1. For residue B:375, which of the numbered conditions (1) crowded, with 19+ Cβ neighbours inside 10 Å; (2) within 19 Å of the chain's Cα centre (by Cα); (3) farther than 25 Å from residue B:40 by Cα fails to hold?
2. Kindly establish whether residue A:382 is within 14 Å of chain B (Cβ to nearest Cβ), farther than 30 Å from residue B:201 by Cβ, among the aromatic types (Phe, Trp, Tyr) and not in a strand (DSSP E or B).
3. Kindly evaluate residue B:115 against the criterion of being of a type outside the set (A, V, I, L, M, F, W, C) and on the phi > 0 side of the Ramachandran plot.
4. Only one of these conditions is not met by residue A:138: (1) touching a His at 6+ places or on another chain (Cβ under 9 Å); (2) over 23 Å from residue A:409 (Cα atoms); (3) among the small types (Gly, Ala, Ser). Which number is it?
5. Does the range A:308-315 contain any residue that is more than 14 Å from chain B (Cβ to nearest Cβ) and charged (D, E, K, R)?
6. When the range A:284-307 is examined, which residues are found to be more than 9 Å from chain B (Cβ to nearest Cβ) and more than 30 Å from residue A:346 (Cα to Cα)?
7. With the structure loaded, tell me whether residue A:151 is away from every other protein chain (no Cβ under 14 Å) and either assigned to a loop (DSSP other than H, G, I, E, B) or basic (Lys, Arg) (or both) or whether it fails that test.
8. Hey, any hits in the range B:340-351 for a residue that's touching a helix residue (DSSP H, G or I) at 6+ places or on another chain (Cβ under 6 Å), within 14 Å of chain A (Cβ to nearest Cβ), over 30 Å from residue A:169 (Cα atoms) and at pLDDT 95 or above?
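The values are calculated or read from the model by the stated rules, or taken from the named source; none is laboratory data. Just so you know, these numbers come straight off a predicted model, no measurement behind them. Please note: Cβ atoms are built from the backbone with ideal geometry, for glycine as well, and neighbour counts cover all protein chains shown.
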There are 2 protein chains.
Amino acid sequence: MAKMNAFYAQSGGVTAVINATACGLIETARQHSDKIGTVYAGLNGIIGALREELIDTSQESPEFIRNLIHTPAGAFGSCRHKLKGIEESRAEYERLLEVFKAHNIGYFFYNGGGDSQDTANKIAELSAQVDYPLTCIGVPKTIDNDLPFTDNCPGFGSVAKYVAVSTRECGMDVASMAATSTKVFILEVMGRHAGWIAAASGIASESAGEPPHIILFPEIAFNKETFISKVKAYEEKYGYCVIVVSEGVRDEEGKFLSDSGLRDAFGHAQLGGVAPAIAAMVKEELGLKYHWAVSDYLQRSARHIASQTDVDQAYALGKAAVEFAVSGKNAVMPIVVRESTQPYRWTIGEVPLADVANIEKTMPPSFISDDGFGITQECRDYIQPLTYGEAYPPYKDGLPQYVRLKNVLVEKKLEHAFEV
Amino acid sequence: MAKMNAFYAQSGGVTAVINATACGLIETARQHSDKIGTVYAGLNGIIGALREELIDTSQESPEFIRNLIHTPAGAFGSCRHKLKGIEESRAEYERLLEVFKAHNIGYFFYNGGGDSQDTANKIAELSAQVDYPLTCIGVPKTIDNDLPFTDNCPGFGSVAKYVAVSTRECGMDVASMAATSTKVFILEVMGRHAGWIAAASGIASESAGEPPHIILFPEIAFNKETFISKVKAYEEKYGYCVIVVSEGVRDEEGKFLSDSGLRDAFGHAQLGGVAPAIAAMVKEELGLKYHWAVSDYLQRSARHIASQTDVDQAYALGKAAVEFAVSGKNAVMPIVVRESTQPYRWTIGEVPLADVANIEKTMPPSFISDDGFGITQECRDYIQPLTYGEAYPPYKDGLPQYVRLKNVLVEKKLEHAFEV
């Protein structure tokens, strides 16, 4: 195959380690300059391709590219833009191929979650249909940890570490104060459909009575009575109670707890966090003093406490994506394969994109304890290794030094613009 | 002076480094075993003395005491219990001296904020009046950074670092997503009366346009119109806007923004965070997609990202407290004295407790930029050195290893209990 350029795009919610994948991918592509020309990155993900806004990563020094490994968020910008079916979104798919052709792009690396893998697969199909020589490789990324086949998703291990560390720290804080002050602490974490992130808080507890005392999963319908009796029991036994709640928790009618009937002064519905809703419940039913925190973007951008394992895997997957491409593979996604839990050992495997598309990996029921408020040993064994190692970024004058790339756009070659 | 025991108590909201002070104090006391016998710590602070619940720290190995230096929260428990004037709370003051006498306590170290320094001073006065030989030393601690005379308060530097790091990380996250998704991010931080913690977010920005774009201080009355126009301007200029808001922000009538008229399904007032209130405002006025986080205990317990300077100062103040005591000083508080900002150099000084009591150090107006939404260079020069250095705790299997002391209580000697 003649030497062609590559296109790389970051997709969906960003993570603490998606740039480590970009680092692995670009560094490895540079080592294969016989086959891969320039790596272009989409400005703000796939819409960068649609708008022909291509970042020329060859303008970045090796040092800057290396620094991506310790830089959170999306260095080239990401987007939430789902390409639907080929028929439905034909204009977009054709525009993509048109831009790829114009810039001699023969490799497409799409770094995202389930939707992105589906898109990568469709583009692979379409390019084969129209006989355009395009190698499509999906690269997994999502803090939600819901991609199938891969043992885990890059981004999740670092969120898991953040949530477990924070739960341990806040738990100690509450324990110190409980004699005369706060007795209940509620930490809200992400996870609208699956409880992976909430589950990660469970590894903070190393012996009975240690926080978190209660985990609320989206997988378990919330029952107020049972919950309140649990809080009461823990508060009486240990003097305090630490609760970690997933944003996606719903009641028995399937209604999000975060949609708790709050109204502002004008009567507008206030879609707040679930943590304040739980706090209000605890106060009303038990009269206990509470504090609550909503970690939101804090949790997924916390590169300062990233897991070394997560960084290593994110890098390795970016590297593997390029190696797959130059070895002639197409329409596949590199995955993490767990070889052993104790000692923890992993390697890189692969799966066809067609198999990945539209399957969501949910938490196995065996990961949630019988009472529905905690994790099992099996879950702990799964999650804990993903948090191993501390991948600290460099600091200067007290602050982490994250790289900001120049992000120089290449000159447009197409005459017409494209409305996204 | 004959050898006597010491009593140490942690007071008020705990911090990431108050145990580093305990470490400095206990280690130094052990080096002065000719003058100081056992260091007793109050179980849950001063109420441990009132209840005669004294922890015998001599039961802890040197290694465990050393590990306090990297352990957040209050290792002996803290409390929110203010002793009022001597006349008003005479029974409590007399009980304290009774317990001290019973356990041959000749040194009292009180580790807290302004109220605690006031209490320590009153106990010094009372013991002099009744001719009980007691050396009273206050040891500063508060994330609020509102004690006078000392250049800064242990606990603040680490919160400042946490808030600055988090603002930088979340800011990069929002910037990555803003093309198609979140355009406004709001981070709520502590500080009911003073904007020190909110101000710390300002050091995250190293050049124009970098987050945070807007800081909301309790010192500046909130004006909705000006605020909304600022958000709009930043969003238009940079594509996104990052706001850091102090929990203590009030409107022009002095009403807390967090008391925003929210009502739950039953019509009860919902005292929520100020971040969701600001978010609702942004949505209603500008229709922009937002995310918000409330850092609450996360910020003050985050030992994993503590400032080395803060840890060093916390330790040094605990050490100085004992050195002051054994050298015959009384009713004083060791303070941090800034000798130079560039390069940053500090040393330990002292101030009489009588001078400290009931003075709150507010942020100088010269620290807030003219428009009221940012910090000045003077403020940056003040805060940044306090965040210098990373004092990482040890980790095992992905999690920080914080020490849990045995906390063995000494046998009670008094016949009657005391109701707190």
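1. (2)
2. Numbers: within 14 Å of chain B (Cβ to nearest Cβ): yes; farther than 30 Å from residue B:201 by Cβ: yes; among the aromatic types (Phe, Trp, Tyr): yes; not in a strand (DSSP E or B): yes.
Considered against the rule, which asks whether it is within 14 Å of chain B (Cβ to nearest Cβ), farther than 30 Å from residue B:201 by Cβ, among the aromatic types (Phe, Trp, Tyr) and not in a strand (DSSP E or B), residue A:382 comes out as yes.
3. On the way: of a type outside the set (A, V, I, L, M, F, W, C): yes; on the phi > 0 side of the Ramachandran plot: no.
Against the criterion (of a type outside the set (A, V, I, L, M, F, W, C) and on the phi > 0 side of the Ramachandran plot), residue B:115 does not qualify.
4. (1)
5. So far as the range A:308-315 goes, no, none of its residues is more than 14 Å from chain B (Cβ to nearest Cβ) and charged (D, E, K, R).
6. Our first condition is that a residue be more than 9 Å from chain B (Cβ to nearest Cβ); within the range A:284-307, this holds for A:285-290, A:306.
Passing the criteria: A:285, A:286, A:287, A:288, A:289, A:290.
7. Numbers: away from every other protein chain (no Cβ under 14 Å): yes; either assigned to a loop (DSSP other than H, G, I, E, B) or basic (Lys, Arg) (or both): yes.
Against the criterion (away from every other protein chain (no Cβ under 14 Å) and either assigned to a loop (DSSP other than H, G, I, E, B) or basic (Lys, Arg) (or both)), residue A:151 qualifies.
8. Let us first name the residues in the range B:340-351 that are touching a helix residue (DSSP H, G or I) at 6+ places or on another chain (Cβ under 6 Å), namely B:341, B:344, B:348.
Filter once more, so that each one left must be within 14 Å of chain A (Cβ to nearest Cβ): B:341, B:344.
After this cut, where a residue has to be over 30 Å from residue A:169 (Cα atoms) as well, the list is B:341.
Then drop every residue that is not at pLDDT 95 or above, which leaves B:341.
Checked against the condition, which is being touching a helix residue (DSSP H, G or I) at 6+ places or on another chain (Cβ under 6 Å), within 14 Å of chain A (Cβ to nearest Cβ), over 30 Å from residue A:169 (Cα atoms) and at pLDDT 95 or above, the range B:340-351 yields at least one hit.
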